[in-house]
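Peer 1: Can you keep this structure in mind? I'll have questions shortly.
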């Protein structure tokens, strides 16, 4: 029953609202111009090529790691925001889905500290460091 | 749509935006996700739980790699291929990345045509997406075969830290399973779209519920998530 409401009020992309929606299309659900998807698709290709080139040119150290992370976050952001339409969802959904992964960052911090400690113990007592 | 009768028509009531909107939506004692159907909300919640699963895999990989005293095999060399006499680092993984991104692009357009009720284009784009996905799985099978032939095992490998194999098979294996399930999911929904189930509101075989083109978007959410996970695997496992 709730489906009807959903279908009636699906968010319209601003430009489509005036011009296209009044035309033949019964604009339901997520309606955005195809061009938007093609542009994002192009950017994903560019960003992937960039992250591949980081490896191809053999960059090292903090430059390599920061570039990898930057390209990763940009790609993930584009996919979630545009392809998965999170940019047009109400904040109640966006925050419910996007905030919990922050807990993972806490987990990452804990495990970084833990593995540094493990590494320290291994170097001190068990292994010949390489 | 007989079911429309019970709800308000066309015009949606004005809803608060920003933080007041979040408070109002969650405190309304009804449904928190106002303009999202249960199907879409549940897919998002499932994807959130899947995020935690893959996070745990990547975290265990990070912990193993950070705490080992044995050098980690260089992925750039491990996944290099000789193509036409040239030794190209990581090329197979790069191609797999582009294949998966292309599949995400076609999927996004399939969702778009679905909401325009363009049945044929939606079905074709979904099948193209499934074909890209199958290509990806095929390349992954090739990659696994190559590595196993070279002696990579979950308990060891010729180049360095033993945890390389276990991390690799666990992470890419789980991701490949997700892609495979996605391909099956895509083909099943594409068949329904092609047959016009959502135009005539034919009832589902298991659920006896009417389907809507929204299922294309829900399938798309799953598929984009598979691509999203690959973005993280590509960056953290293959490039790091």
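Peer 1: Using Cβ counts within 10 Å as a stand-in for footprinting exposure, how do B:118, B:227, A:55 rank, fewest first?
Peer 2: B:118, A:55, B:227
Peer 1: Counting only other chains, what is the mean number of Cβ atoms within 10 angstrom of the Cβ of each residue in peptide A:30-37? List each step's numbers first, then the result.
Peer 2: Working: counts 8, 4, 4, 1, 5, 0, 2, 8.
Across the residues of A:30-37, the mean count of other-chain Cβ atoms within 10 Å is 4.
Peer 1: Just want to confirm a number: the relative contact order over the stretch B:36-238, from Cα pairs under 8 angstrom separated by 6+ residues, in percent. Before the final figure, lay out each step's value.
Peer 2: Numbers: 223 pairs, mean separation 55.7, N = 203.
27 percent.
Peer 1: With label points built 7 Å along Cα→Cβ from the Cα atoms of residue B:162 and residue A:95, find their separation and express it in nm.
Peer 2: 4.8
Peer 1: Put a dot 7 Å past each Cα toward the Cβ at residue A:46 and residue B:16; how far apart are the dots in nm?
Peer 2: 4.0
Peer 1: Report the calculated FRET efficiency for residue B:53 and residue B:148 (r = Cβ-Cβ distance, R0 = 25 Å), to the nearest 0.05. List each step's numbers first, then the result.
Peer 2: On the way: r = 24 Å, r/R0 = 0.98.
With a Förster radius of 25 Å, E is 0.55.
Peer 1: Tell me, what is the FRET efficiency for residue A:108 and residue B:86 to the nearest 0.05, using R0 = 41 angstrom and their Cβ-Cβ distance as r?
Peer 2: Numbers: r = 37 Å, r/R0 = 0.91.
It comes out at approximately 0.65.
Peer 1: Which residue, B:66, B:170, B:139, tops the fluctuation ranking in a GNM of chain B built on C-alpha contacts under 10 Å?
Peer 2: Top of the fluctuation ranking is B:66.
Peer 1: So, one more: Any chance you could get the radius of gyration and Dmax over the Cα atoms of the protein assembly as shown, in Å?
Peer 2: Rg and Dmax of the protein assembly as shown, Cα atoms, are 22.9, 75 Å.
Peer 1: Right, another one. Taking only Cα atoms and a 10 Å spring cutoff, compute GNM fluctuations for chain B and point out the largest among B:163, B:30, B:140.
Peer 2: With Cα springs under 10 Å in chain B, the top fluctuation among B:163, B:30, B:140 is at B:30.
Peer 1: Tell me, what are the semi-axes, in whole angstrom and largest first, of the equivalent ellipsoid of chain B as set by the roots of 5 times the Cα gyration tensor eigenvalues? Write out the running numbers ahead of the final one.
Peer 2: Details: eigenvalues 337, 105, 40 Å².
The answer is 41, 23, 14 Å, longest axis first.
Peer 1: Peptide A:71-78: average number of partner chain Cβ atoms within 10 Å per residue? It would help to have the intermediate numbers written out before the result.
Peer 2: On the way: counts 4, 7, 3, 1, 9, 6, 1, 3.
Average neighbour count from other chains, rounded to a whole number: 4.
Peer 1: If you take each beta carbon of peptide B:52-63 and count the beta carbons of other chains within 10 angstrom, what is the mean? Provide the component values of the computation, followed by the final result.
Peer 2: Values: counts 5, 0, 1, 6, 2, 0, 2, 7, 1, 0, 4, 8.
Mean partner-chain Cβ count within 10 Å for B:52-63: 3.
Peer 1: What list do you get for A:44, A:38, A:78, A:67 if you sort them by fewest beta carbons within 10 Å? The partial results should precede the final answer.
Peer 2: On the way: A:44 25, A:38 13, A:78 21, A:67 17.
The order, fewest Cβ neighbours first, is A:38, A:67, A:78, A:44.
Peer 1: Could you work out [θ]222 nm for the protein assembly as shown from helices alone, using -39500 (n - 2.57) per DSSP H run of at least four and dividing by all its residues? Round to the nearest 500 deg cm²/dmol. Before the final figure, lay out each step's value.
Peer 2: Working: 13 runs with 235 residues, N = 370.
That calculation yields -21500 deg cm²/dmol at 222 nm.
Peer 1: Okay, next question. For the pair residue A:62/residue A:120, report the inter-label distance in nm, with labels modelled 7 Å from Cα in the Cβ direction.
Peer 2: 2.1
Peer 1: Please compute the length gained on full extension between residue B:141 and residue B:184, using 0.36 nm multiplied by the number of residues separating them and subtracting their Cα-Cα distance. Working shown, then result.
Peer 2: Working: separation 43, 0.36 × 43 = 15.48 nm, distance 1.71 nm.
Full extension from residue B:141 to residue B:184 adds 13.8 nm.
Peer 1: Here is a follow-up. Pull out the extension gain between residue B:208 and residue B:191, defined as 0.36 nm times the separation in residues minus the alpha carbon to alpha carbon distance; nm, one decimal.
Peer 2: So the chain would gain 4.4 nm between residue B:208 and residue B:191.
Just so you know, all these numbers are worked out from the coordinates, no wet-lab data involved. Owing to the predicted nature of the structure, the values given are computational and were not obtained by experimental measurement. Ideal geometry is used to build each Cβ from the backbone, glycine not excepted, and the neighbour counts take in all protein chains shown.
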